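K.L.:
Mind having a look at this structure? Questions to follow.
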Amino acid sequence: MLAARTATCLTARGATRAIVVAGQRQGPVQAVRRRDKTSVRGIQSVAQTDRDTITRLLYSIGTKREVERHLRIFSSSSHPSQPAKFAVVKVGGAVLSDLDELALSLSFLYRVGLYPVVLHGAGPQLNDIMEREGVVPDYIDGIRVTDAKTLQIARRVFLEENLKIVSALEKLGTRARPITSGVFTAEYLDKEKYKLVGKITKVDKRPIEASIRAGALPILTSLAESADGQILNVNADIAAGELAKELEPMKIVFLNEKGGLFHGVTGEKLDVINLDEEYDTLMKEPWVKYGTKLKLREFKELLDHLPRSSSVAVISASSLQKELFTDSGAGTLIRRGYKLFKHDNIEKIGADRFRQVVHDRDPEVLAGFQSVTGVLSDLKKTPYSVYGDEPLDVVAIVSHPEGEVPVMTKMLSSRGGVLNNVVDNVFTAIKKDHRKLFWTAPADDENRSWHFERADGSFTRAGKSLFWYGVQDIAEVERIIKDFEAKGRIERSFLPVGPSAPPHRLVITPTGTRAFSTMAGRSLSNLPGSSRGYATAAAPTPSTEPKQLGLIGARGFTGQALTTLLSAHPHLHLSHVSSRQLAGYPLDGYTKTPVTYSNLSPQDVEGLEKSGEVDAWVMALPNGVCKPFVDAIDRGAKERKTGEGSVVVDLSADYRFEKGWTYGLPELYGRDIIRCSKRISNPGCYATSAQLLIAPLVDHIKPGTLPTVFGLSGYSGAGTVMAKDADGRPISVPKVTPESLGRGIKVYSLTDHIHEREAGYHLSQLLKDTPGSAIKIAFIPAVTPWFSGILSTVSIPLKGKMTAKEVVQLFEKKYAGEGLIKIQKAVPELKDVECKHSWTVGGFQVHSDGDRVVIVGGLDNLLKGAATQCLQNLNLALGYDEFAGIPLD
């Protein structure tokens, strides 16, 4: 949002400025006619400077070419006859709590001549007012039952929130028009059941288009009228969908406070959802909850009525520019998509269709350096696979002679293929099939950053960059390139491996722009200022050496979360995954290479350790089960012929009090000791949060008293049991379900929980004032109906009076610079910790007597409470960057 905030400095120049209508700049009709030609030119010049300055600010979030391409596409999407074709932006009620951020984002678009159609909800605001007025909200099937009293309040709230948005925009110099009626016509959804709730039957876009033609952003509510004039309440998401069906805009954006949709187990943001391929599977996932299912159904119904190229983006208000003006986007992109294909010859997709794609998109052909016939002739030289999607928005060719390293010779994409992330989907499919891959791209390719992000290494020579993944040793890279050149699979320009040579000629396409391309072809000029050398040479610290990991006990929720994290780790690779119940089945959620579950015995583990095939082991087993495997690793390490023995991280409680094992909580007990350790016990989820809550205050606890922690955990923390899906495959299901809890909570282990002893035992090491003393804590856990996430409240008696400000300062000092710890003023809620990799603390309050402090902290029990912390410990012990493979929240 730096660009958006900076842009507000440009907006206080009054209302007499040039106006952009549907991508075409026009002067303000009244004001311009009264001025002479010099004044007119002056006004237009100021407005153009305004636009140019803000466009340059956009370069801070993406490359210049990215930004200019998207601006060009969006500006050309509308026409004065149809000015509302750019975007429909639905603003969730929760987003309105940060109105300044929203206004900045929308004003930014206005300043570059783009006019989104904005429709907002007001659910949280409506609930607050209803509660104050003593009206109890009533829902049936997720739909708000709207009686006359509720509608009266809703209408008032909608009008107030609408005017707040308009006023916030006008303060920034952005013209906006409130449109609170006249757009939606509706009939009763079910008068007996839902009362005054409407089902939209008609959308009148004339008020919207009139607003844009007048140079104002249209700001809509979701209220509708029946044929006889009765006002009806309509869910804002549904109203936005109906609006999008009518307008068919280029972009459909839903703003929410989370900034996207998130995986319910790993906490990772879902970048892209292809409904054709993933909808049925997602709807069966246990972590996809009711609200998310409802959203997915609505998105699917919406996209089923729109052209297949349409998509929905779910993002935060602060990320609006990044979503619109960069290829990587910002939130979650939902699209119908097409199922991807893979064929062994072009005849299966139609040779004529393939020829047309090459003719229209291949930069080598467009520049005259190669003919379509030449491209087809080159295909016949080696076995190859062609990847793509059904409409051929993206077509890729991978040459793979038997026994040789594959080369991606073509990656040809349409504009839609880039905007809708089809390119990434195709590349992911290629990566699943090939553990190693080389490809080239012009040094001045407008999507150069895309290649760097997906490569393990690269260097540039003679105006072209060579990229690869799956190879870490520079000697092997040189050997592979020599083989390529000897067999004519790439041109002779990349040896010896090293810095760039002087550039050769520049390829310019007839249009002056470059298509998205990756090809092994002719020499192209180097990008000015670019001197990126060999990228995968290992620095002394941290290490980038690839290593192999064995995972014992992978079927539970923690094992699944860790598997997903490892899938994105740049250096650590899963080689063995053991589960007695799932042996023989493929491992889901790991995309680097296909892995099949095995059932490793302690003897098998000993043999693997002895042979040196595994560099690290993770024990994701129940308490009391992993000792035979650890003993087997110890025996195998003694006879290991190469290198040192493996690192072992145990997720159970078995070794948390064991001498010779390191307790792996880096934020409290140090990183150096973990870096030197081969045996690491991963802390418990509750114990992690409890220790982080108490640690800054260990020397301030009143002697003879107990800090008391009350913890609420999602039901995933209770573990899993085995079941079978519809196809008879064993699956893990929650041991405790929301239904079994009766939608309440269940308190258990009221005393002597193992985390009491664990937290007190290790916290005692931190005492400075009374070394050698022991800390004891009281801990009461409860299981809840949500899936994952722990919220812990601690009450600590103080030995001396303190203020809340002093307590906060202790926490800020203790956790300064910690990447996975967040300190906030507000009491952490579930949304602050669920699916997050960090620990969050807040709500610091001291009793009026100053002798007791209450603090709330939380984490996701499957992530920072288990898998994320495990990966921290693995990274440190193996010499990697501590946060490698961990998305920082």
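K.L.:
Pop out the ³J(HN,Hα) list for the stretch 206-220 in order, Karplus 6.51 cos²θ - 1.76 cosθ + 1.60 with θ = phi - 60°, rounded to Hz; leave Gly and Pro as x.
P.N.:
Result, ordered by residue: 4, x, 5, 5, 5, 4, 5, 4, 7, x, 10, 6, x, 10, 10 Hz.
K.L.:
Name all residues of the stretch 452-488 having a backbone nitrogen under 19 Å from the label point set 7 Å from the Cα of residue 431 along its Cα→Cβ direction, giving them as ranges.
P.N.:
Counting backbone N atoms under 19 Å from the label point, the list is 452-459, 466-473.
K.L.:
Right, something else. Short version: ³J(HN,Hα) in whole Hz for each residue of the stretch 360-372, in order, from phi by Karplus 6.51 cos²θ - 1.76 cosθ + 1.60 (θ = phi - 60°), x for Gly and Pro, what are they?
P.N.:
Karplus values, whole Hz, x for Gly and Pro: 8, 10, 5, x, 4, 6, 4, 7, x, 7, 8, 9, 4.
K.L.:
Given 459, 343, 481, which one lies farthest toward the positive end of the charge dipole of the stretch 340-494, if we put +1 on the Cβ of every Lys and Arg and -1 on the Cβ of every Asp and Glu?
P.N.:
Highest projection toward the positive end goes to 481.
K.L.:
While we're on this one: Determine the dipole magnitude for the stretch 685-863: charges of +1 sit on the beta-carbon of Lys and Arg, -1 on that of Asp and Glu, nothing else is charged, the reference point is the Cα centre, and the result goes in debye to the nearest 20.
P.N.:
So the dipole magnitude of the stretch 685-863 works out to roughly 180 debye.
K.L.:
Measure off, as a whole percent, the carbon and sulfur share of the 1.4 Å-probe accessible area of the stretch 547-681, all protein chains present.
P.N.:
50
K.L.:
Cα-Cα over 29 Å: which of 258/410; 746/768; 776/822; 85/295?
P.N.:
258/410; 746/768
K.L.:
Next up: Note down the nm distance, to one decimal, between modelled labels 7 Å out along Cα→Cβ at residue 770 and at residue 188.
P.N.:
Spacing of the two 7 Å Cα→Cβ label points: 7.1 nm.
K.L.:
About the Cα centre of the stretch 86-335, how large is the charge dipole given +1 on each Lys and Arg Cβ and -1 on each Asp and Glu Cβ? Please answer in debye to the nearest 20.
P.N.:
500
K.L.:
Assign unit charges at the C-beta atoms only (+1 for Lys and Arg, -1 for Asp and Glu), then state the dipole size of the stretch 342-381 relative to its Cα centre in Debye, rounded to the nearest 20.
P.N.:
Working: 7 positive and 7 negative charges, 28 e Å.
The calculation lands at about 140 debye.
K.L.:
Let me ask something else about it. Hey, what's the stretch 340-494 come to in accessible area per residue, 1.4 Å probe, Å²?
P.N.:
Roughly 38 Å² per residue, with all protein chains present.
K.L.:
Accessible area of residue 701, 1.4 Å probe, to the nearest 10 Å²?
P.N.:
20
K.L.:
How many nm is it between the label spots at residue 294 and residue 733, if each spot is 7 Å from the Cα in line with the beta carbon?
P.N.:
2.5
K.L.:
What does the accessible area per residue of the stretch 685-863 come to in Å², with a 1.4 Å probe and no ligands, DNA or RNA counted?
P.N.:
Per-residue value: 45 Å².
K.L.:
Here's something else I'd like to know. At 0.36 nm per residue, minus the direct Cα-Cα distance, what do residue 97 and residue 129 gain on full extension? Give it in nm, one decimal, please.
P.N.:
10.1 nm
K.L.:
Taking amide hydrogens as modeled 1.01 Å from N in the peptide plane, which residues meet the under 5 Å criterion relative to residue 647, leaving out close sequence neighbours?
P.N.:
616, 617
K.L.:
Given a 1.4 Å probe, how much area per residue of the stretch 86-335 is accessible, in Å²?
P.N.:
Details: 9670 Å² over 250 residues.
Per residue, the stretch 86-335 has 39 Å² of solvent-accessible surface.
K.L.:
So how much slack lies between residue 638 and residue 829, counting 0.36 nm per residue of separation and subtracting their Cα-Cα distance, in nm?
P.N.:
Going from the current span to full extension adds 63.9 nm.
K.L.:
Restricting to Cα pairs below 8 Å that are 6+ residues apart, what does the relative contact order work out to for the stretch 692-772? Please round to a whole percent.
P.N.:
Value for the stretch 692-772: 28 percent.
K.L.:
Same structure again: Ranked from highest to lowest mean number of other Cβ atoms within 10 Å per residue, what is the order of the peptides 817-829, 341-353, 97-109?
P.N.:
The densest-packed peptide leads the list: 97-109, 817-829, 341-353.
K.L.:
For the pair residue 603 and residue 801, how long in nm is the line joining their label points, each one 7 Å along Cα→Cβ?
P.N.:
A separation of 7.2 nm, rounded to one decimal place.
K.L.:
So, with a 1.4 angstrom probe, what is the percent of accessible area on the stretch 364-497 that is carbon and sulfur?
P.N.:
Working: 2330 of 4770 Å².
On the stretch 364-497, the fraction of accessible area on carbon and sulfur atoms equals 49 percent.
K.L.:
So for the stretch 296-442, taking the charge dipole from beta-carbon charges (+1 Lys/Arg, -1 Asp/Glu), which of 363, 319, 423 sits furthest toward the positive end?
P.N.:
319
K.L.:
Any idea which of 109, 96, 121 is furthest toward the positive side of the dipole for the stretch 93-136, if Lys and Arg beta-carbons carry +1 and Asp and Glu beta-carbons -1?
P.N.:
Positive-end residue among those listed: 109.
K.L.:
If you roll a 1.4 Å probe over the stretch 80-189 with all protein chains in place, what percent of the accessible area is carbon or sulfur?
P.N.:
Ligands and nucleic acids excluded, carbon and sulfur give 49 percent.
The values are calculated or read from the model by the stated rules, or taken from the named source; none is laboratory data. In this text the structure is predicted, and so the values were computed from the model without any measurement. Cβ atoms come from the backbone with ideal geometry, glycine included; neighbour counts cover every protein chain shown. Please note that ligands, DNA and RNA were not included when accessible areas were found on the heavy atoms of the full protein model with its side chains. Shrake-Rupley method; radii C 1.70, N 1.55, O 1.52, S 1.80 Å.
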